[in-house]
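One structure is given here, and the rest of the page talks about it.
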């Protein structure tokens, strides 16, 4: 349902920006600062390395590109790789759309393409790839395997070239992953200048992890000329997307500066960088600030009918003179503006998403994904859900209900599916994978619901702190916007932030992540495996014993032991008998034989009927007898 | 077949019809005691939906119904969902009717047998013999026990596929009593491929039809194997894939879904140490199938129907995913052994066990899953006690039968040296 036109656009990408000669390696660093509504500031770092490596053999000799990335292309048939490590939730309603999308926790997807590549081979490579980056980024990506990976059918599209051969894609999220310092440090080590100089020196873990939202990203893609493996570019983009909450700085006003945000000013640029620029958004929420020092020049970008003004600081110019040290930019708001700062309402983005769980208890529930279209026209919407194996989803309960904005409640009106792809999940093996596509009318919300059952797992399958709950990863909602409002993502063919300036296209592919969910599965008692095994086996033995004796023993008539009627005497008698059991063994041996003879005689005699009841041998007695004999 | 029979059937149907329109019905359909992963209505719906959407239902592990059933019912589920409840009620009433016809015939056979053996019976044993009234009483008791047992009623309104299993089993019993070899083989093969455990019922079938000839027994066994194969192949052609074997039989054997139920498996294998799992899996499956099969077959070779009853009951206790619908079915067979009741001494204990544990289950489940104030052990305790109660009932029936046999030929009152003797198993 989405045109593949952008694949053609990728061809442009091959030569986009400054043309690369053979064996040419370029590094760019960019920083975008966007004041957001509600006293938030978004800072976005992007470090791009492009290397026209030509032949594959050249991959053994890297300069700016990290060695591990080059080896990746040697070892695996991977053509495109995305990894995101995120903490926090991007608020679409107030912050608009981010420049790069990410979901809370770890997210990873990769495209594979090559000759003679089979599905199994891709599965194997995918697992190894995850293990490699588990080590490179110190993240738990080694938990990525078939039990939490899917092969998206429609939603994730390739951005590598040539993308017309046989290709495979794998996608996985680890929503439980906690992103922290140990991920940031190795991530910074992939940069040519490390964290010593350039924009990366601003990324100090103490400040990065204080933010409301931080997301580290890594994207690798290969751009080759059609049918020419010897003419390739590898492009590595590292991004860090942070959202600061100014209120947490406890300032009287909401002025801020680079030093305030990152703890220090900028000490220069990375000497290996081709370009090193800071972009500061000046309109919308940025309008109320004054910049000190004043920017050198401004760029006006009109994209899809939406205009954004950026001020640009070029670090190469800034640090031209040898004496300059520690560059700082301050955002100052006039005093009178302070009052009104919260009045500037954010523009509602055209599509927003939410997700939540319905139902209570640990037995079953319902996953609800809500997609709101505030555009006036209908938009195509695609939703991809990965439902982990420990939750059973019932496809027949899947429904999309709609609600026009003027109404408060969802009616019975259903929206028809335009597209439905489903692979059912299997316990401990496969997640359920659902992709649906539909047209969402303008000014309408859609409520996608699916019923789920929560499973009881084996006791060793629960993570530590089992009652914390299990995560269900975020759903991805994708759409195609006809206009560029709020849209800031880079075009597929561009690799620098400046390539998004004036990049008007017929449509803009948008992809959003919903919230991740936590379900609390029923838990067993972790402390008593032995007891359970013993008790269950006892019950089995309860059946086995009597059935065994019914099947193997013969009926014998024995002498009625004169049991005392008194309860106390009965017990006394029992104890006494048990004590005598050993010495009286011969006696008990003798009794049945006489009984048996008697039995023969009674049979022969066939005496007249006596009282039919009252003298029934009780089963309890029989059981006791057995016990004694055992 | 008198008017009373039809009245009872109608009344049974009416009871079910009334309850299936109350909010009780969806609640029962979601209760773990009735709806297991194997028989739940929701999973059947899912299977039929996937089948109709062109997705192999056995790729996932939600659907464990056999493909033949899925495709047979898919038209009904799709086009007339409002008549589904009616359909299940009719099937359940049909089961009752089959049980009635079966027990009628069974009593008649017993009476014929008695006529031959009468001379050997001891004199004071009139009350242990089937009398002329039993021909009316016992079938009536059976049908009442099936139609008005709350367990079967709730099983029916919960629309579990145990209703189908019960129908097939009732038909199997009917064929056994009527001495119809081929239909009984076919229905048994179908049930076996569907839910594995009924394979044990081949023993009573062999006892009845082989008539002490080993050659005939071998032929029947082979015939059974061929029937199973035929059913499997027929299932294969529904989807043109063998995936269903792993989805039905494999799922049962390997016990992949640990959802709580009334059986012994779920908590045992939840708490199992992983390296012992295979061993205990095999042990428990053996326990549910062949462990009691041979000894009981030898012991009860003269009473194939009792053997079948006991095997069905043991199956309901020890199978991997038992439900209360299975329990309701074998409880309805107990009136066939009305003449053994005299020797059944655990009646009160078992009844109390059933009453207490069944009412505790709901409460403890709520405490564990919804209130969070109890844990899994509580519910496990209730299911364990329920299983124990059932086991008491089964062993009691067996002991009672053995004693009745003995007393029938030796009289009820036996004196040794002028003292009353007691009967002992040794």
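A few remarks follow.
- Relative contact order for the stretch B:3-420, counting Cα pairs under 8 Å that sit 6 or more residues apart, in percent: 21 percent
- Over the stretch A:68-180, Cα pairs under 8 Å with separation of 6+ residues give a relative contact order of 35 percent.
- Per-residue ellipticity at 222 nm, computed for chain B from helices alone with -39500 (n - 2.57) per DSSP H run of at least four residues, works out to -21500 deg cm²/dmol.
- The stretch A:418-485 and the stretch A:148-213: distance between their alpha carbon centers, rounded to Å: 22 Å
- Principal-axis tilt of helix B:347-365 within chain B, Cα atoms, nearest 10 degrees: 10 degrees
- Calculated P(r) tail over 39 Å for the stretch B:3-420, as whole % of Cα pairs: 19 percent
- For the listed peptides B:312-320, A:139-147, a ranking on the average number of other beta carbons within 10 Å per residue, highest first, reads B:312-320, A:139-147.
- Among the residues of B:265-278, the average count of other protein chain beta-carbon atoms within 10 Å of the residue beta-carbon is 5.
- Relative contact order (%) - criterion: Cα under 8 Å, at least six apart; region: the stretch B:209-296: 14 percent
- Shape call, the stretch A:144-200: gyration tensor on alpha carbons, a/c limit 1.5: oblate
- The share of C-alpha pairs in the stretch B:263-387 whose separation exceeds 25 Å stands at 36 percent.
- Mean per-residue shielding of peptide B:334-343 is 1, counting Cβ atoms of other chains within 10 Å of each Cβ.
- Compactness of the stretch A:135-253 is given as radius of gyration and Dmax, 18.2, 61 Å, from Cα positions.
- Between helix B:277-288 and chain B: long-axis angle, C-alpha atoms, 0 to 90°, nearest 10: 40 degrees
- Axis of helix B:67-79 versus longest Cα principal axis of chain B: the two differ by about 60°, to the nearest ten degrees.
- FRET E, pair residue B:351, residue A:467, Förster distance 51 Å, beta-carbon r, rounded to 0.05: 0.85
- Relative to the compact-globule estimate of 2.2 N^0.38 Å, the Cα radius of gyration of the protein assembly as shown comes out at 1.23.
- Counting every alpha-carbon pair across the stretch A:347-501, the share separated by more than 21 Å comes to 53%.
- Prolate/oblate/rounded label for the stretch B:91-248 (Cα gyration tensor, a/c 1.5): oblate
- Peptide A:418-427 has a mean of 4 when you count, residue by residue, the C-beta atoms of other protein chains within 10 Å of its C-beta.
- On the beta carbon distance between residue B:2 and residue A:407, with R0 = 51 Å, the FRET formula returns roughly 0.25.
Coordinate-derived values only; no laboratory data. No experiment lies behind these values; they were computed from the predicted model shown. When we count neighbours, we look across all protein chains shown, and the Cβ atoms used for this are built from the backbone with ideal geometry, even at glycine.
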